[in-house]
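Note sheet for the following structure.
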Amino acid sequence: MKFPWSHTTIVDMIKNDHKIEEKCHKVTADIIAGKLTIAEFVEELGPALTHTDASVRAQGTLLLSKVLKDLPSDGLNAEQLEFVSAFYCDRTMDNNAVTPMILEGMEAVSRMVNLPDAAAVRLLRSLFERIPCQSQKKPERTLYFRTIVTLSERKTVALKEWGADFIYGVIGAMEGERDPRNLLYLFEQMPAFIRSYPMHHLAEEMFETFACYFPIDFHPNPNDPVPITRDVLAEKLADCLCATAEMAVFAVPLLLEKLESSLNVAKLDSLALLGRCLALLDVKQVEEHHAELWSALKRELFAVGPSSSADKVLLEAGFGAVQALAKNASTDESSAKNFLDQMLLGVMASLTDASSKNFEASLRVELACAGASKYCAVYVIEKLVPMLLAQLNVDGFVELRVQNILVDSLQRLCIPCAQWYCWEDVDPALLGQVQKKFIEILLQEAHGGEQKRSALKALAAVPEMVTSENRFIVYNTIVNDLLSTMDKVPQTDAVQECLYSFAIRNQQEVKTVVLNKLITHDFASTELAVTERTFKALGKLILYHGYMDKMTDFFLSLVFAQPPPTDDRLAIVAMDTLMDVVETGNQSQFAKAELYVQYKLIDRFFEYVTDQLSSDYLYSMSRLIAAVVKQLPTDEQKDLILKRLPALQLQRRSHLYLASGLLGFLDASVPLADHFEQLVNDLSKLALATDDERLREVCHRLLCSLFNRMPDDEHHRGVLKRLLAVLKTELKKHNHQAVLILGWIGKGLMARGHSEAGEIIDDMAELLDHPTLGHVAALAFEILSVEFPQLHLPLLAGLFKQKLFVWVMKKLEKGLEQYAVAHLKALVFVFKATPHVVLKMNLSKVGPVLLKCLSQEDNHTVLEALAIVGRFTREQDGFIQDHLQSLIPALLKLITRQSSMKVRIGALECLLYVCKYPTFLLLPLKQSVLLELQKPLDDCKRLVRNAAVAARLQWYLVGSTEEAKGDK
């Protein structure tokens, strides 16, 4: 037989034509077009498929498999697939050399939508009976598994009728698999398989197939381009072990066995598996294991000896397992009682002695149980509260530390009570005793303490337990603590939590008793810290239903006081509080509907402000206006600008701050073309002329934002060029302010990727050589690189920081010896803003600059350079290794620089990271370094001494032994 497109036999082609597989694409196209049938193709392949040489048969089978793989899933009809599947079933008896090609073809056939059910069963039967899966190589096993999974998903009815033999075949195929990718595939697919098919009498065998991998012990190949992690394998394996309740039954004995392991990872996996099992199993299926589980958990929860971070993770998992057990038991009341009795009996001894070292762990066991269900919460509260109260109410002396522990424990018991809304189910007499104790604490502790904090948090959790007469004691405590003159009230958070909790449930009482007292308080004579604390608490009430109008009226009455007071601190704190509320979460409704529409906040500011108001007031006002404008829709922003901006005279101080509020966070789509030139001229003139630092700051930021959003047309470029001409004139007069304005304009243009930004940066770079303006030019580079949280740049181009780095390095690319102090300062500011990966790519240019920066007198420059050098040292970069002879002496000089503690610490940390480099490089320097490191050991600052001890210890170990080096 011959191929239509060749005059040689198929056998000759297979032996001599190395590109024959590419010709399969033409066969595929002909079959799809109907020019050739699959049967005709098989007939053409006949001489190869029946050849005496197994390698030729293998290649012939491969050609057929490649064609089937390239065909669409509906490319063959049922009759053709019956023929093809019969061929592959027959081929399974061929030589092992043909098996990989057979598996590839079977996998392709399994994806065909018209494959008859009977043919699918025959394919799998042939696989199971004639081709042992684990005798194949990894790629063939992958095809084997994919064939099984694909057919099991598409031929469920037929395979269910096959029965237990099918399940047995699947188990046999999976047993002994070791490849992590194949295992991950199986772990991902088999849960759905197990849930879809009855396991018959093979449920335990199926479980054992997966149980042999538990817990997962796997270390991924570091060179794997698509790594598989141990955690992913462990999670997917747990899905298989607990795919059904039928499987989960066998998992409990398994995890009990693994909980006895000495490895934390085995214990963590076992506890995670327990949680999955309990979600599936009925309490009657777990009850027989309760004693064993509790015994195993006790070993972890009450472990002796020092604990590491890994032990703490295990401890949390243990408490989570206790809660899961209690939740599982809660489905049956009698089982829940038996389980809780068992838990309580195990921790009773420790709970009756608050000074016991196991008290905390025992309490957490009971709290974990209480968090499981309402029944458990009521049980735990009614059992533990009498124990705790009995220890608090003894006649003799109780140590303060123990009192604090007991009160805190009572407070923590209130959390599950609130969580399950079960205060009505708890014995009222018991709740009354708890409430009485907390009220006593509030009355006894006038100023604060741990007990008072715990009492407030408990009452906040369950305010329903407080009687009407005692609520007024709580209210008085809240008022007194908020107005307390102590610098730091320890329970401030608890006071606020308590206020909000009672405010929700007792709105009228809180308004009458708490808010009226606070609102009418004379804050003018109160310390500022007290005012800020109180206003912060009151500000959050704005967001609660029923309090918005009252609180907003109060704050605005202070903001717009008539006549304006000479001391405007209250107004400033009130504006800052309102701004926090507007910026908290998604509060656009409060900003728009309340402050802007109902209270007409911005209109009132325009009517109220005068130049006689303080700069602090005007600054807070501009921030509040900007926060409100930011929340407005674009259309309303446009209307506001049209209405208010034309009338502003920016030479007036108050009008400048109003403009700052309007323009500070304006949407980029709001047009400013009609006002742009006037705004730029007024702002630049004011920034050049004023001596007020804050006014200059406002002008600078507005100019930066304006040029960032500037339309890129001829008119606006003309405005920019005229301003640059003015600034150059001022530079000739040695005006420092012109340099700073240049920096802010450059920042706005650079962030949007404007073409003029490069020219401005060139001008700034040239100024670094100026004898009087050089240091200001360096500060201008800091402006370019630092991010300002209150600066709004609506247009941001991608990679603009990288572009800044390229521009600056290109402009300043000259010999290192020519760099003056200003050049180094400017460069280190740019390096600070540049992504680390960019610096790493250019370290041959950046490195020498950084090393020279370490020898500068300016602490700011040195500190920034140390931060960058430290990053490269931690990574053991080759450049640092090549320059250790220069770097280490520079660092040793810095560790005694008395003008900056941060510099000393940074240098010591770099010396610590240097120890990671090869020993042969460090040994020649070891003695001199150890000698110098003695000096900071006596530093006046504790943090410096700590850093010196750590660095000296590692240098002392350099070259001692390989083991010491490894333990570092």
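The values are calculated or read from the model by the stated rules, or taken from the named source; none is laboratory data. Everything quoted here is computed from the prediction, not taken from an experiment. We place every Cβ from the backbone using ideal geometry, glycine too, and count neighbours over all the protein chains shown. To get the accessible areas, we keep the full protein, side chains included, count just its heavy atoms, and leave off ligands, DNA and RNA. Shrake-Rupley method; radii C 1.70, N 1.55, O 1.52, S 1.80 Å.
Numbers for the structure displayed
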{"read-out": "Pairs of Cα atoms farther than 14 Å apart, segment 740-781, %", "value": "39 percent"}
{"read-out": "Dimensionless Rg over Rh [segment 611-652; C-alpha; Kirkwood]", "value": "1.03"}
{"read-out": "Trypsin sites (Lys or Arg not before Pro) restricted to DSSP loop in segment 311-399 with at most 16 other C-beta within 10 Å", "value": "357"}
{"read-out": "Cleavage-rule hits (GluC sites (Glu not before Pro)) in segment 323-386: DSSP loop, at most 14 neighbouring Cβ within 10 angstrom", "value": "none"}
{"read-out": "Cα gyration tensor, segment 468-548 - rounded (a/c under 1.5), prolate or oblate", "value": "prolate"}
{"read-out": "Overall form of segment 208-362 per C-alpha gyration tensor (a/c, 1.5; a/b vs b/c)", "value": "oblate"}
{"read-out": "In sequence order, calculated HN-Hα J values of segment 841-848 (Karplus, 6.51, -1.76, 1.60; Hz; x Gly/Pro)", "value": "5, 10, 5, 5, 8, 6, x, x"}
{"read-out": "Pairs from 457/517; 747/810; 327/540; 550/600; 258/312 whose Cα-Cα separation, in the structure shown, is over 25 Å", "value": "327/540"}
{"read-out": "Counting all C-alpha pairs of the chain, share separated by more than 42 Å (%)", "value": "65 percent"}
{"read-out": "Base-10 log of normalised Debye intensity for segment 450-515 (one unit scatterer per alpha-carbon) at q = 0.19, 0.28 Å⁻¹", "value": "-0.65, -1.37"}
{"read-out": "Within segment 243-310, GluC sites (Glu not before Pro) in DSSP loop having at most 14 other beta-carbon neighbours inside 10 Å", "value": "260"}
{"read-out": "FRET efficiency for residue 40 and residue 138, using Cβ-Cβ distance with R0 set to 41 Å, rounded to 0.05", "value": "0.70"}
{"read-out": "Prolate/oblate/rounded call for segment 499-538, Cα gyration tensor, a/c under 1.5 rounded", "value": "oblate"}
{"read-out": "FRET efficiency estimate (nearest 0.05) - Cβ-Cβ, residue 331 to residue 553, R0 45 angstrom", "value": "0.30"}
{"read-out": "Signed unit charges on C-beta, dipole axis of segment 631-676, positive-most listed residue 640, 673, 656", "value": "656"}
{"read-out": "For segment 681-796, with +1 on Lys and Arg beta carbons and -1 on Asp and Glu, the positive-most of 690, 760, 740 along the dipole", "value": "690"}
{"read-out": "Cα-centre dipole for segment 563-673 with unit charges at Cβ (Lys and Arg positive, Asp and Glu negative), debye to 20", "value": "260 debye"}
{"read-out": "Net charge, residue 541 excluded, C-beta distance under 12 Å - Lys, Arg +1, Asp, Glu -1", "value": "+3"}
{"read-out": "Karplus-derived 3J(HN,Hα), 6.51/-1.76/1.60, for each residue of segment 731-748, Hz, glycine and proline x", "value": "5, 5, 8, 6, 7, 4, 5, 5, 5, 5, 4, 4, x, 5, 5, x, 4, x"}
{"read-out": "Convex hull per residue volume in Å³, alpha carbons only, for segment 196-239", "value": "84 Å³"}
{"read-out": "Ratio of the Cα radius of gyration of segment 671-715 to 2.2 N^0.38 Å, where N counts its residues", "value": "1.19"}
{"read-out": "Compactness relative to 2.2 N^0.38 Å, alpha carbon Rg of segment 377-523", "value": "1.04"}
{"read-out": "Unit charges at the beta carbon, dipole of the chain: most positive-side option, 465, 749, 206", "value": "749"}
{"read-out": "Taking the convex hull of Cα positions in segment 817-968, its mean projected area over all directions (nm²)", "value": "8.9 nm²"}
{"read-out": "Per residue solvent-accessible surface (Å²) - the chain, probe of 1.4 Å", "value": "45 Å²"}
{"read-out": "Centroid-to-centroid separation of segment 154-215 and segment 652-692 [C-alpha atoms, Å]", "value": "72 Å"}
{"read-out": "Cα-based equivalent ellipsoid of segment 539-672: semi-axis lengths in Å, sorted from largest, via gyration tensor", "value": "22, 20, 11"}
{"read-out": "Computed magnitude of the charge dipole of segment 272-339 (debye, nearest 20; Cβ of K, R +1, Cβ of D, E -1)", "value": "160 debye"}
{"read-out": "Cα-centre dipole for segment 222-366 with unit charges at Cβ (Lys and Arg positive, Asp and Glu negative), debye to 20", "value": "260 debye"}
{"read-out": "Rg and Dmax [Cα atoms of segment 336-449; Å; Rg one decimal, Dmax integer]", "value": "13.9, 45"}
{"read-out": "Apportionment of accessible area to carbon and sulfur, the chain, percent (1.4 Å)", "value": "52 percent"}
{"read-out": "Inter-part distance where segment 506-581 and segment 315-389 are each reduced to a Cα centre, Å", "value": "44 Å"}
{"read-out": "Projected-area average for segment 161-240 over all orientations - Cα convex hull basis, square nanometres", "value": "5.4 nm²"}
